[in-house]
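The structure appears below as structure tokens.
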Number of protein chains: 2
Amino acid sequence: MTYDLSKSYEMFERAERVIPAGVYGTRSPRFAAFGDFPPFIRSAQGCRITDLDGNEYIDFMCGFGPIVLGYSHPVVQQALVEQEERGNLFSFAADRMLELAETLVARFPFADWAMFGKNGSDVTTLATRMARANTGRMKLLVAAGAYHGFDPWTVPGGFGVPPAHRSELDQFLWNDVTSLHACFDRNKGDIAAVMICPIKHDAMHDIELPSQDFLSAIQKRIADEQALLIIDDIRCGFRLNPMGASHVDFGLTPDLVCFGKAIGNGQPISVLMGREAQRDTAKSTFFTATHFFAGAPMAAALATMAAYDAEGAYEQIQSAGHMLREGMTRAAQRAGVAIRYTGPAAMPNLLFADDPGFQRGRRFSGLAARRGVIFHPCHNWFISSAHTPADIAQAVAVAEECFAIVAKEIASGELP
Amino acid sequence: MTYDLSKSYEMFERAERVIPAGVYGTRSPRFAAFGDFPPFIRSAQGCRITDLDGNEYIDFMCGFGPIVLGYSHPVVQQALVEQEERGNLFSFAADRMLELAETLVARFPFADWAMFGKNGSDVTTLATRMARANTGRMKLLVAAGAYHGFDPWTVPGGFGVPPAHRSELDQFLWNDVTSLHACFDRNKGDIAAVMICPIKHDAMHDIELPSQDFLSAIQKRIADEQALLIIDDIRCGFRLNPMGASHVDFGLTPDLVCFGKAIGNGQPISVLMGREAQRDTAKSTFFTATHFFAGAPMAAALATMAAYDAEGAYEQIQSAGHMLREGMTRAAQRAGVAIRYTGPAAMPNLLFADDPGFQRGRRFSGLAARRGVIFHPCHNWFISSAHTPADIAQAVAVAEECFAIVAKEIASGELP
């Protein structure tokens, strides 16, 4: 018996009348496997989400990253409830802001200060402003295809954005030292900063870890140009390193680091952290918004880090991620389906060989969703500490069944 | 006895070590009355906030707008707790998204669809993208000095923003029909949209309602140019009109309307609403972020609108606002201090005559804060339905005392 999503898609049809495209952006079922993925979620607990038909799924998207301890984690929820009893948003900063900034500065030796936003984009854009103001130079260098948010300067496609608003930006190819040097050379003297994610995790592509040559070249050229290094750790933070900051394992020395997603376990908060050398620039940068100073997401972030440390969440995530990688790789082999399972254990990405249009991926993901497991076909997955060995085993068993169906459909020509 | 803020400012000194400027942006005590305003808030209830020294204040900032029903409103908090028990952020949209979009489209006859962000800036910027994509033209016309958010194209001062990222923008003077026509004339053929707030509510200035001539000229020129009219109702929404959309009272016909602040009574949500004619553009506009699809702020928005209607919040706010206006004006007259008390009853602004540096305003606000009332010296205030006649009377009594001190200090030359 596979899942029935009748009510879910009845609601989606209703949604299409009052919301453009029903659901827009990366959460759209169209970005995943339309008809098979749940368009709306009613509730969640641990590593499981439940849709409007009452179907329960083991979820490997974790809210697209934030849910690092599992949904409705008791320690985080308790902190949230306590703060909400005092209040969330006030006319001045919640006192939690001080507590959180002190905790973060103590946790991350590279940083001397913290500033808080809501969206990841709030702090990636803030970092670009600080780098430009601090250096007096304009050019920002990024890896081609990297996602740094939805703000006009970086939103994929740039639909509706004046071309001029996307200027002062240049790109190099990930892990391509020649391309990197060429990019530095052609912008020499005008480079404010390089912004990179710790790993290449572009949607619809294999994940690629950085080569040591590539990272060394970045650090060397940045030092020569006296430009700043900005790490966008929004997607990787708290999954690649036991303290949370991914750059540490890659031997990088950033000037500014952006966090978001996992730091609040589902509550909206993003963070920019920086060094003493940028403090005066930070003081001069007008950065404000209604909800930046709210206490509940800050209380959630404090509780998330405390529980993450106390429960050994990092180790659990690695262990679950390794088990999933082994299980998925073996299951695909058994079915005789060629896949590429890339990325760190905590943030894997599964793509099918010879699948440029993602038909195989979408079919596999759709089959798995109908059997109670959310494997996204074209975006990296996220593991949480709530994924138990039993959950992983159940997910792998479903995957095995679905790989076999895909193998049969490829063999029969039903799938390209 | 006036309030002691020793612990509050001890904490602020600590904050200066780990947060640039201690608190940045509009929530900084430096933007208000440094030394006298509480830098951090511990809790809030109704119309009152409590600082780290335990001082309680009648608060006329309402979180800079969002708190339209009072802090910790039971109906909103109940909805929030119920949604948090189900979960806030999921891997796909919370089902509340459909419920909220349907409620909003039913509530606002001008609109056919809704999209959701966190910050007000998320949706003002989205509106500019849609207008440009929809018209194929680039120029955005705004009123000089108007605040439309902290995104690079509009952030006050533009510190750290490449000048090119602030191009394709032109300005006219508020209520100045000649300036408006000149602005349209010099951008003729390339105008995507005009974005205005329903009233001029720039910080550090008197509030100015729009003249009918000015609004008629905007509508006429927009129609001639086939440009779009974007209303930024983020600050005014749910305070100027009983249904919530301010443009209705000004006879405007907008294409896109931005809401935020009051719609969530303190939970982070912003909304862009638009018409059928922009639906296809909206479908094509990549707009996504981790927290846009979270259920708790949507549940809060639904509860806020329900309670707002059921409790007659609009009428209570008007009544409290009128009482405050009368009381403050009379108190200043009695003390012989010349002030300008401008703006709608629900969003008043108090500035002192002959006070270009805001010294009189800051002194008055500091004195009032030390006596338990938050009157901001250079930003408009906000009234909530939790401000009772007794609260207003108490606040006016404090104001009377403070006006008298200011009058004396002006007379003695202590204050310029």
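The values are calculated or read from the model by the stated rules, or taken from the named source; none is laboratory data. Source: prediction; values computed, not measured. Don't worry about glycine lacking a Cβ; one is built from the backbone with ideal geometry, like all the others, and counts go over all protein chains shown.
A single member of B:VAL68, B:VAL81, B:VAL18 is more than 27 Å from B:PRO156 (Cβ to Cβ) and at pLDDT 95 or above, and it is B:VAL81. Would you check if B:PHE358 is under 30 Å from B:VAL75 (Cβ atoms) and touching a residue at least 24 places away in the same chain (Cβ under 8 Å)? So B:PHE358 fails the test.
Residues of the range A:49-75 that are at negative phi and more than 10 Å from chain B (Cβ to nearest Cβ): A:ASP53, A:ASN55, A:GLU56, A:ILE58, A:VAL68, A:LEU69, A:HIS73, A:PRO74, A:VAL75.
Considering only the range A:116-156, how many residues are farther than 28 Å from A:HIS291 by Cα and either of a type in the set (D, E, K, R) or in a loop (DSSP other than H, G, I, E, B) (or both)? Residues in the range A:116-156 being farther than 28 Å from A:HIS291 by Cα and either of a type in the set (D, E, K, R) or in a loop (DSSP other than H, G, I, E, B) (or both): 6 in total.
Residues of the range A:71-82 that are surrounded by 24 or more Cβ atoms within 10 Å (Cβ to Cβ) and either among the aliphatic types (A, V, I, L, M) or touching a Lys or Arg at 6+ places or on another chain (Cβ under 9 Å) (or both): A:TYR71, A:VAL76, A:ALA79, A:LEU80. Among the residues making up the range B:84-115, those that are surrounded by fewer than 20 Cβ atoms within 10 Å (Cβ to Cβ) and in a loop (DSSP other than H, G, I, E, B) are B:PHE108, B:PRO109, B:PHE110, B:ASP112.
Among all residues of the range B:242-265, there is none that is assigned to a helix (DSSP H, G or I), among the hydrophobic types (A, V, I, L, M, F, W, C) and touching a His at 6+ places or on another chain (Cβ under 7 Å).
Checked against the criteria, B:GLU401 does not count as in contact with a Lys or Arg (Cβ under 8 Å, 6 or more places away or on another chain), crowded, with 17+ Cβ neighbours inside 10 Å and modelled with pLDDT of 95 or more. Residues that are of a type in the set (Gly, Ala, Ser), buried (at least 24 other Cβ atoms within 10 Å of the Cβ) and more than 10 Å from chain B (Cβ to nearest Cβ) within the range A:24-48 comprise just one, A:ALA33. Cβ separations smaller than 7 Å between residues 6+ apart or across chains give the following pairs from the range A:280-305 residues that are in contact (Cβ under 8 Å) with a residue 24 or more places away in the chain and within 23 Å of B:GLY149 (Cα to Cα) to residues that are among the hydroxyl-bearing types (Ser, Thr, Tyr) and assigned to a helix (DSSP H, G or I): A:ALA289/B:SER121.
Matching residues to (1) at pLDDT below 95; (2) within 12 Å of chain A (Cβ to nearest Cβ); (3) at positive phi; (4) in contact with a strand residue (DSSP E or B) (Cβ under 6 Å, 6 or more places away or on another chain):
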| residue | (1), (2), (3), (4) |
| --- | --- |
| B:LEU100 | no, yes, no, no |
| B:LYS118 | no, yes, no, no |
| B:ASP122 | no, yes, no, yes |
| B:ALA164 | no, yes, no, no |
| B:ASP176 | no, no, no, no |
| B:ARG186 | no, no, no, no |
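Taking B:ALA21 as the residue in question, decide whether it is surrounded by fewer than 24 Cβ atoms within 10 Å (Cβ to Cβ) and not assigned by TED's automatic domain parsing to the domain that holds B:ASN119. Yes.
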